[in-house]
Structures are given as C-alpha cells and as structure tokens.
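**Q** Take this structure, written in structure tokens, and hold onto it; I'll ask about it next.
The values are calculated or read from the model by the stated rules, or taken from the named source; none is laboratory data. Quick caveat: nothing in here was measured; it's all calculated off a predicted structure. In this analysis, Cβ positions are derived from the backbone assuming ideal geometry, glycine residues included, and neighbour counts consider all displayed protein chains. For the accessible areas, the whole protein counts, side chains as well, though only heavy atoms, and no ligand, DNA or RNA atoms are used. Shrake-Rupley method; radii C 1.70, N 1.55, O 1.52, S 1.80 Å.
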Amino acid sequence: VNFDLNLPAQLSGALGPDLLLIGGAMILLLWSAWRPESDEHQRNIGILSIALCIVTMVAVGYYAYTGYTANVGAIAVDNFRWAADEIFLIATIGTIAMSLDYYAREGITAGEAHVLLLLATSGMMILAAARDLIIVFLGIEMMSIAVYVLVGINRRTERSAEGAIKYFLLGAFSSAFLLYGIALVYGATGETNFARVYGNIDKLHLEHSALLLVGVAMLLVGFGFKVAAAPFHMWAPDVYEGAPTPITAYMAAAVKAAAFAAFFRLFLEAFPTILTTWHLAVWWLAAITMIVGNVIALAQRDIKRLLAYSSIAHAGYILVAVVVGTKLGSSAFLFYLFAYTMATLGAFAVVVALGTRGENQMQVEGYAGLWTVCPGLAVAMAVFMLALLGFPIFGGIGFFAKWYVLQAALQSPFPQTRLAIVLVVTSLVSSGYYLYVVMVMFMKPRDSAAPRPLHASAWTRTVVWGSAAVILIFGVFPDAIVAFTRRSTPTLTTDVVPEPRSPALQRTAATTPQPVIAVRSGQSTAGH
Amino acid sequence: MTNFLASIGYNAWVLPALLVIPLIGAVVILLLPAATATPDQGIETPIARVVAFWIFVLEFVVSLGMWWSYDPGNTQWQAGVDLSWIPSWGVRFSVGIDGIALMMVLLTTFIMPLAVLGSWTSIRTKTRSYYALLLILTIGMLGVFLARDLFLFYVMWELMLVPMYFIIGIWGGERRIYASLKFFIYTMLPSLLMLVAIIYLGIHLRTAAGTPDFSYDRLLSVSTLPERTALWLFAAFFLAFAVKVPMFPFHTWLPDAHVEAPTAGSVILAGLMLKMGTFGFLRFALPLFPGAAMNHTVRMIILILAVIGIIYGALVAMVQPDFKKLVAYSSVSHLGFVMLGIFALTVQSVQGALMVMINHGISTGALFLLVGMIYERRHTRLLDSYGGIARVVPLFAAILTFVSLSSIGLPGTNGFVGEFLVLIGSYRTYPVLAIIAATGVIFAATYLLWAIQRILFNPLDKAENAHIPDLNRRELGLLVPLLVVIVWLGVYPAPVLRRMEPSAQVLINRVEGNTALARLSEVAR
C-alpha cells in the first residue's frame, strides 16, 4: 500500500502504530486517575503499559512486514522508522518492567508515571517518523516534557528534584536552539519539509547562504544537547545521577536513540548537499565526544555517573556512523543503537536489582565480591560491561556493533580512517572503567559487613536475563539483525557523500539520487 | 590407523568437534551441582576437576588422530570445513590445518590435561568456574590455530583474553588485579589496531555488491596492496603479535602475568599463548605482507629486537630472586630464538623456530608445573629460601634437573634440536646475529644451572626444608608424559619435522616468491 499523506484518512493510517500507543496511553491515564493511588494500582497500570507496548510492537512489525510506503510528505513510512520504533519500544518495556519494582521500593505510587513514559515514547515514534522540521519539534517536545516530569517523579528526594530542574532548564535551552535553527532554515529556504528544503537549497543555490548555515549550526547544537555529545554533555551526569534509576536507563537508551534517529534523518535527508559545511563539525563532535566521554569516565566511582559518561562516549561512536552517512552507515547506526540499548538497559537493570531504598549507596566499590553472593547478576553485569566495551563473544553483540561502525567508516567512499583510529583507541581507554566494574565484582573480596543484596524481583530479573540473552545470542548469530538494518535505511538517504572540504559538490538534480555503489567500485578507495 | 580414521569420516568432523567438545564440557561443568568443600582437602566441588580432566583427555584423543590422518605431502588445507556464518558481512566459519597448525593443535591438546592435573589441589575455590574458563580458553587457542577466515581468527584471538583475565585476576597471587589488568590492556590495544587492519583487508577484497571478504586464501591469491599501505597493515599485525610473543620492548606484561597467574595459568600462558604471537607471524604477518616483512629495514629491526630479547631475557633471568619470575624471563629469551628463526627465513631456521615453539611449550610448561609443586609445599618461590633439598625430595630434584637441562638445550633433549636448527639456519643469512644469539644459550645454562644449584644442591641449612614431602603419584603421572616427549623430540624429532617441513617450505616460497615478484615489477617500472 502506498499512503497518500495529503489525505487525512491515509495520514492516520500511516501513523497507525503511533496513534495506537497514544490512544492506549490516554485510556490508561484515565484509568490511573480513576482509582486512588496505591502500589497495587501502580503495578496494574505498569503491566497494562507493557502489554500496550507489546501490542504496538506487533503493529510496528506488521507495518514493517507489509512494506507500506508513502509519497513524500510530512512523515516517513520506511523501515528506518520501524526499526527505530522497535528499539524505543524495547527500551520502554524494559524501563517499565524495572520501575515496577523500583517504584514499589521507593514508595512511588503514581500510576501516571508509566503513562508519562508511554507518552514520551510516542513522542519518540513521531521523531523517528518526522520528515518536517515542525514535526521534529513536536516530537522532541512531547518526549522531553514527559521526561522532565519523570526525572522529578521521586519528588521526596532532593537529588531527583535537582536533576529535574537542571534537565528542564537545559532541555528548554536546547529546544530554543533547535527552534531558532528551524526558524532560520525556514527563513533561508522557505520550507520546513525535508525534501523541499533539500530541493530549495539546490534550486536557489543556498550552499553559502549565511542564514541557512547559522540555522544548521543551531540545529546541530540543539541535537548535540539532546544526544549529550561533548561539549554539550555537561548536564547529563548530574541528571542521570539524580533521576530514578529506571528513568536514567530510559534517558540513556531511548531518549538518546530517538534524538539520534531524528538527527540522522534530518541531516542526511535535508542537508546532504551542504554536507561540506556540517560534516567537519560533526566529525569533531564525534571525536571530542569519544575522547571526553571515555577519559572522564575513567575517574568515576559512582556507578550511575560511570554509566552516564559511558553513554556520552557511546554518543560519540554513534556520531561516527552519522559522519559516514552512507546506506551502510545508516545500517551500522541502527545496529549500534540496538546493541547499545540492550546493554545499557541491562546494566541499569542490574543497578536497580542491587539498589536499596533511597539509593544512597551507588559506589562501584559497593559491588565488591558480588560474584560470591549473586553470581548470576555479576556475570550478567560483566556481559553488559563487555558488550559496552565491544568485546567479541563475551560482549556478544557489542563487538559486532563496533565492528559494523568501523566497517562502515572504512568502507565509505571517503574512508574515515582517522576517526576509526580514534574510535579504536578510545575503546581501549573505555576498558579502563568497564573492567574496573568487572574487577570489583569478581576480584575484590566481599566486605564481611556488607549486607547480602535483596533477592531481585522477577520483573527486574527478566530485564537482566532478557537483555543478556539477546546480547549473547545475537552476539554469535548477528546476521538476522544485520540483514534487517540493511533493509532499513531512510528512504531518501543517498550514497552520494561528497568529500569533506572539497570545494565543489557533485550536485544531483533528482530528489532521490541513484545509488552509486556500482560507479564507485571502479574508483575503489581501498587502494588498487 | 589411517584406514580406520578414513572409515569413520574423521577428517570431516574432527576440527568442529575439537571446538565443540570444550564448549559442551564447559556447560556440563557449570551445571554440576555445587558441593561444599570436602573435609580432607578443602576443595569446593571436587568433581569438577575430574570432569574437566576427562574432557581434556577426550579432546586429546580426538585430536591425536590427525597425527595419522594428516598427509605431509599435501600442502593444501586439510580436514577443512567451510560454513556460512554472517553472510551480510562475508564472514565464514572456515577452518583447516596445515603442518604448522597440526603441531600447535597437538601441543595444545597435550598440555591442557596436564594443566588440569597441575591445578588439582592448588585451585580450591570456585572450581567449576575455573575449569569452565580453562575449557573456553581452549576453544580460543584452537580456533586461532585453525582459522582460515580473518574475522574468525580475530574473534578466537580475543576469545582467549577474557578467560585468562579472570584466571589471573581471581585465582592469581597477591598482585593479581594489577597483573590481570596489565595483561588485558597490553594485549587489547594492538589487537584493536589489528582489527582495523583486518577490516581494511576485508573491504579491500569486497565483492561488487560491497560485501567484504575475509577469506585467508583469497587474500593470499589476490593481495596487491600498495607498498605504503602494506607497511601500515603489517605494523598493525606486527604489534598485535609482538606483544603476544612478547618481543623485547613489549614484554613488560609478561613477568607480571606469569608470576601472578596460578600454575595452570602460567603453563598455558607460557606454553601455549605465547605461541599465538609467533604462529600469527607465520600464518598472517609474513604471507600476507611479504613485501613489508622482507623490507630490509623492517627485517633488521625485528631481528635485532629478537637478538636483544634473547640476551636481555637471559640476563634479567639471571638476577631474579624469584624462581617463577626467572622462568618467566627465560621465556622472553626463548621466544627471541623463535623470532630470529622466523625472520631469518631459511627452511632450517623456520623449522627450528617451530621446534623451539614446541619445545618451549613442553619444557617451560614443565618448569612452571614444578615451580607450582614446590610452591604448594613451601609457599615461597624465592630461591634463597631453599637450598639442598635434593636430599629431601630426590625425585623432584632429578626431574627439575632434567627439565632444566632440556630448557638449556642439552644435546639429546628437545631443546637442543630447535635452537641448533635456528642458529645454523640463521647463520646462513645473518652470521653476526646468529653468533650473538648463540651466546644466549650460554646465558641460559648460567641462569638455570645457578638456580637449580641454589635450590637443590647448596647446604640444607633451613629447618623448614628438612621435611618436604616428595612428589606424589599424581604429580609424577603428570610429569612423565612431559619427560617422555622431551626425550623423544631430542632423539628422534624426524616425524615432527617431516610433518612441518612442507608447510614451512610453502611459507618461504610464498614470501620470497612474492618479494621477488615485487622486485621484478619495480625493476620493470
């Protein structure tokens, strides 16, 4: 079926899974307000939310399976969107499952918390679909506002409130940047639709228009904030530390993935022809993010801050895929997002499982000798750490993710060899802190005064073992996911990537340029 | 024997079986019910070690068939298996053996059961995890020797790292955390650079549809890299292998890791894992980049580093107060011989290098086992705390002396054959270096003889040493096979050499042939 997005009925059809999630969330919101707050009520809402997410996942899978398409309009109907949606929904399910126990432990009885999470996720799904600057903004705000509230959901603690206010202020700040960027791009091109922005840049020769370039720079800063790329990452550690742990997991996994999905589509669909101007900026953003994230993480002794810096570092690795920007880069991008989401979710689930009420003690040292008391959790955590480190077999899919990004970087028509080297060297640096966690758990003796961790409840354990199983199984047989991500490039992404800093660009007239792999293999860059 | 093996289709399944048996074994061991420490020996779940031992014996028996089924006259891959693994990336599960890999595989499967016996009573806690890690480590080691696909090779290469990291870090000595981290990071940095080089090669070979190809054979047949690129790629592979060997300036992780590791860990590190580096040179670095490897400057640098390693390792070993550290440094010296033999690149020197690899695995493995046995009795490894114990433990003393002599390279033991071949082989191409290297043999005699003198023969002046029990039956049983092999390889190494020679010859032809071709094309230009 090819949706005609100009007809409201067909537009709704193209938004099917999104509408399903939003509608379901509304009903759950009403029901959660229907009864007085209680732990049991919170639990029921949470379980229903998980069920709703699963239904939505099935719907998304159906849309992906039937291969719907649409004409070029405000939203995209392509596999990139569906793949991203599945990642968000997996992260949401994981988050809700851990928060069921977490909220019970911390005495948070508001069932609305789960509904807010669903609303944030629907914002993300809109972001992944957005093919219009206004829709991008709409999605970002839907997502962000819900997450501002969620960071402060544990309002009795000072840290949570502090994190919420910080996140709110800086998030509003970055939204302003985005909005400015959108306004300037609109001012320069007279359009907000990605395809038409692309067309007008081409038609009106705007490559050197100051208005447009400032607009693009503003957008870059805005997205830099949202994905926590250095030097716009300062807010992340404090907010991640202050937020309730499941929400931290959600921010590190899903929020980052959603911002990246929009970032990727926007820059590669709307601005490929002015790539020379933003390419170098993203190149440096990637390099600095990898270096800053990894180096500062070395000094962290608090597990949540350590994971926060680790997530900053991973934003850098993902940016490498953005820099590459080819179809292969897009495939590597989705693959990496998936692997990163699974490992991050799992790691935070272990943190939740080992936490105590109030979460006053989050030092890595508190896990000393964990292996002797909770061997299962310790092994799972080691798998997540090695996955984030990108180690083969034991780190499962994490290795293939890095491998794929490296492959995309080196196989691009303009091989990013130096960026690949930065990635590799900073990965080595990251072994310093990932192995620190492993070392503490396995090699330090258990403090005899340390209490035995409470037995984690079934929901949290399911998240831990589910993500570990996914990481390990796909860590030996990744082909299904590779093949899926390969079919999931944004429709308008092209393989025409001009050489950075080259003065003239090969301009292609059509909005959908032809793939150029065949042409390129003649002038192979790997050196004949 | 050959007929019997053919009748059971041995060649078709042996290599996958060698990789699968340890995996199944590891799962079985982890599933064993935990038993609390037995009162008499205080060992947790003692059944784990028994199961592990028999799995390793099975592994050895299965691999032993290759001794007969391998056809030395055939220089192609044998017992090859080639399956699709990750088609989207052009990665295949592709394994096979040649003469060199054959000997390395047999060495591995031979050492592993002995390593289990060596840990029999010294590993007391978490035994199930320990033996499961040993089994997983074996998969990685065998996989490195068998891989015919660069991706598979890399995965197997890294697979070895984590089990060894845990073995050192959990069951190691006092400074185990420092040593294990150092080991991990030292090995991982160059491995990652090698990863970039491997991806580069895979992309270089990509098909028209853009799928990379990591096949070793294809890489050999179509490799036409520009000289500069080849040098960079060679450098990446060189670093990864040189750290593992370890060559002279990259060796600093070795004394820490070897000393802190538990006995079996040291045996595996020295006996098997160091061979990964030299094997990597033979299998990958030389044949893939003959131009770079035969570049005069590069070759001289490597040879000089190798000779420095020989002399330096021996001199440092001489002044060690700790017996285990002494053996660790002697490895640096022995592996210098291997590197000299490989890069001198004559048939004799390469064969000699291969012999040294095998001999070092056996002799140094035996030395580490002996150090472990005496350490279990006295809980010290300092040479000065012993003296004159030959009278107390005659059996131990006799075996230690014999193994030391084989490590020195006494004619009639295995050590002699290898080093002699390396020296005469390299004398033909690099006489000066060979003469300097020959002094390393003298130093080896000095440090080892001096050490056994201080342990075994000086006056028995310490009361603690007067009542050490001698070797028990288990320890004797695990040492006897090693002694038999030491004598066998010293007296009649021909069967081993015959199996390796064609592969060594092919290697040399390939490297020199390609270099000659490259020179020709340069002249033509």
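**Q** Check segment B:103-119 and report whether any residue there is surrounded by 22 or more Cβ atoms within 10 Å (Cβ to Cβ), within 19 Å of B:Ala17 (Cα to Cα) and among the small types (Gly, Ala, Ser).
**A** No, segment B:103-119 contains no residue that is surrounded by 22 or more Cβ atoms within 10 Å (Cβ to Cβ), within 19 Å of B:Ala17 (Cα to Cα) and among the small types (Gly, Ala, Ser).
**Q** If you don't mind, there's one more thing I want to ask. What number of residues within segment A:423-432 are open to solvent by 10 Å² or more (accessible area, probe 1.4 Å) and aliphatic (A, V, I, L, M)?
**A** The qualifying residues number 3.
**Q** Within segment A:114-157, work out how many residues are basic (Lys, Arg) and buried (at least 21 other Cβ atoms within 10 Å of the Cβ).
**A** Adding up the residues that qualify gives 1.
**Q** Oh, and also: Check whether at least one residue in segment B:273-281 is open to solvent by less than 10 Å² (accessible area, probe 1.4 Å) and more than 26 Å from B:Gly202 (Cβ to Cβ), and report yes or no.
**A** Filtering segment B:273-281 for residues open to solvent by less than 10 Å² (accessible area, probe 1.4 Å) gives B:273-281.
Subsequent filtering for residues that are more than 26 Å from B:Gly202 (Cβ to Cβ) retains B:274.
Yes, there is a match, as at least one residue in segment B:273-281 is open to solvent by less than 10 Å² (accessible area, probe 1.4 Å) and more than 26 Å from B:Gly202 (Cβ to Cβ).
**Q** Kindly list the number of the only condition in (1) open to solvent by 10 Å² or more (accessible area, probe 1.4 Å); (2) at the interface with chain B (Cβ under 8 Å from one of its Cβ atoms); (3) among the β-branched types (Val, Ile, Thr) that fails for A:Val379.
**A** (2)
**Q** Quick one: which residue in A:Thr326, A:Thr277 is open to solvent by 10 Å² or more (accessible area, probe 1.4 Å) and either over 17 Å from A:Ser431 (Cβ atoms) or of a type in the set (S, T, N, Q) (or both)?
**A** Matching residue, one of A:Thr326, A:Thr277: A:Thr277.
**Q** Quick one: A:Gly111 ticks every box in (1) of a type in the set (Gly, Ala, Ser); (2) within 16 Å of A:Gly16 (Cβ to Cβ); (3) out of contact with any Lys or Arg (no Cβ under 6 Å at 6 or more places or on another chain); (4) modelled with pLDDT under 90 except a single one, so which number is it?
**A** With (1) of a type in the set (Gly, Ala, Ser); (2) within 16 Å of A:Gly16 (Cβ to Cβ); (3) out of contact with any Lys or Arg (no Cβ under 6 Å at 6 or more places or on another chain); (4) modelled with pLDDT under 90 applied to A:Gly111, the lone miss is (2).
**Q** Still on this structure, please answer the following. Against the condition farther than 21 Å from A:Ala253 by Cβ and either part of a loop (DSSP other than H, G, I, E, B) or in contact (Cβ under 8 Å) with a residue 24 or more places away in the chain (or both), how does A:Ile45 come out, does it pass?
**A** yes
**Q** Report, ordered by the first and then the second residue, all pairs with beta carbons closer than 7 Å, sequence separation of six or more or different chains, a first member in segment B:407-424 that is surrounded by fewer than 24 Cβ atoms within 10 Å (Cβ to Cβ), and a second member that is among the aromatic types (Phe, Trp, Tyr).
**A** Partner pairs satisfying both residue conditions: B:Leu410/B:Phe416.
**Q** Moving on. With (1) in contact with a helix residue (DSSP H, G or I) (Cβ under 6 Å, 6 or more places away or on another chain); (2) among the aliphatic types (A, V, I, L, M); (3) open to solvent by 10 Å² or more (accessible area, probe 1.4 Å) as the list, and A:Ala409 as the residue in question, which single condition is left unmet?
**A** Of everything listed in (1) in contact with a helix residue (DSSP H, G or I) (Cβ under 6 Å, 6 or more places away or on another chain); (2) among the aliphatic types (A, V, I, L, M); (3) open to solvent by 10 Å² or more (accessible area, probe 1.4 Å), A:Ala409 misses just condition (3).
**Q** Given the residues B:Leu205, B:Leu189, B:Leu231, which is the only one that is within 10 Å of chain A (Cβ to nearest Cβ) and open to solvent by 10 Å² or more (accessible area, probe 1.4 Å)?
**A** When all the criteria are applied, what remains is B:Leu189.
**Q** Does segment B:209-227 contain any residue that is within 8 Å of chain A (Cβ to nearest Cβ), free of Cβ contacts under 8 Å to residues at least 40 places away in the same chain and in contact with a Pro (Cβ under 9 Å, 6 or more places away or on another chain)? Full working, then the answer.
**A** We begin by selecting, within segment B:209-227, every residue within 8 Å of chain A (Cβ to nearest Cβ); these are B:209-210, B:212, B:224-226.
Those still in the list that are free of Cβ contacts under 8 Å to residues at least 40 places away in the same chain too: B:209-210, B:224, B:226.
Still in the running and in contact with a Pro (Cβ under 9 Å, 6 or more places away or on another chain): none.
There is no residue in segment B:209-227 that is within 8 Å of chain A (Cβ to nearest Cβ), free of Cβ contacts under 8 Å to residues at least 40 places away in the same chain and in contact with a Pro (Cβ under 9 Å, 6 or more places away or on another chain).
**Q** Hey, another quick one. Among A:Thr192, A:Thr277, A:Thr273, which is out of contact with any Lys or Arg (no Cβ under 9 Å at 6 or more places or on another chain), touching a residue at least 60 places away in the same chain (Cβ under 8 Å) and over 23 Å from A:Gly123 (Cβ atoms)?
**A** Of the residues listed, the single one that is out of contact with any Lys or Arg (no Cβ under 9 Å at 6 or more places or on another chain), touching a residue at least 60 places away in the same chain (Cβ under 8 Å) and over 23 Å from A:Gly123 (Cβ atoms) is A:Thr277.
**Q** Within segment B:143-159, can you find the residues that are more than 10 Å from chain A (Cβ to nearest Cβ) and charged (D, E, K, R)?
**A** B:Arg148, B:Asp149 - these are the residues of segment B:143-159 that are more than 10 Å from chain A (Cβ to nearest Cβ) and charged (D, E, K, R).
**Q** Continuing with this model, one more query. Within segment B:397-411, take every residue that is more than 22 Å from the chain's Cα centre (by Cα) and modelled with pLDDT of 90 or more and give me the one that is nearest to B:Glu475 (Cα to Cα).
**A** To start, the set of residues in segment B:397-411 that are more than 22 Å from the chain's Cα centre (by Cα) comprises B:397-399, B:401, B:411.
Adding the requirement that they be modelled with pLDDT of 90 or more leaves B:397-399, B:401.
Values: B:Ala397: 13, B:Ala398: 14, B:Ile399: 11, B:Thr401: 16 Å.
Filtering first and then ranking leaves B:Ile399.
**Q** Would it be correct to say that A:Ala420 is touching a Leu at 6+ places or on another chain (Cβ under 7 Å), open to solvent by less than 10 Å² (accessible area, probe 1.4 Å), under 26 Å from A:Thr326 (Cβ atoms) and not aromatic (Phe, Trp, Tyr)?
**A** yes
**Q** Here is a follow-up. May I ask you to list the residues in segment B:160-181 that are within 11 Å of another protein chain (Cβ to nearest Cβ) and open to solvent by 10 Å² or more (accessible area, probe 1.4 Å)?
**A** Within segment B:160-181, B:Phe166, B:Ile170, B:Trp171, B:Gly172, B:Arg176, B:Ile177, B:Tyr178, B:Leu181 qualify.
**Q** On the given criteria, is A:Pro451 open to solvent by less than 30 Å² (accessible area, probe 1.4 Å) and at pLDDT below 90?
**A** no
**Q** Residue pairs, Cβ under 8 Å, 6 or more apart or interchain, first in segment A:200-220 and part of a loop (DSSP other than H, G, I, E, B), second open to solvent by 20 Å² or more (accessible area, probe 1.4 Å) and β-branched (Val, Ile, Thr). List them.
**A** A:Glu207/A:Thr277
**Q** Answer yes if at least one residue in segment A:455-471 is within 14 Å of chain B (Cβ to nearest Cβ) and open to solvent by 10 Å² or more (accessible area, probe 1.4 Å), and no otherwise.
**A** Of segment A:455-471, the ones within 14 Å of chain B (Cβ to nearest Cβ) are none.
No, segment A:455-471 contains no residue that is within 14 Å of chain B (Cβ to nearest Cβ) and open to solvent by 10 Å² or more (accessible area, probe 1.4 Å).
**Q** Being more than 16 Å from the chain's Cα centre (by Cα), modelled with pLDDT of 90 or more and either open to solvent by less than 10 Å² (accessible area, probe 1.4 Å) or under 22 Å from A:Ala420 (Cβ atoms) (or both) is the requirement here; does A:Ala287 meet it?
**A** Answer is yes for this residue.
**Q** What single numbered condition from (1) more than 30 Å from B:Arg206 (Cα to Cα); (2) within 11 Å of chain B (Cβ to nearest Cβ) fails to hold for A:Leu428?
**A** Looking at each condition in turn, A:Leu428 falls short on (1).
**Q** On to the next question. In segment A:189-207, which residue that is open to solvent by 20 Å² or more (accessible area, probe 1.4 Å) and under 26 Å from A:Glu141 (Cβ atoms) is nearest to the chain's Cα centre (by Cα)?
**A** Here the answer is A:Thr192.
**Q** Condition test on A:Leu435, is it modelled with pLDDT of 90 or more, open to solvent by less than 20 Å² (accessible area, probe 1.4 Å) and facing chain B (nearest Cβ under 8 Å)?
**A** yes
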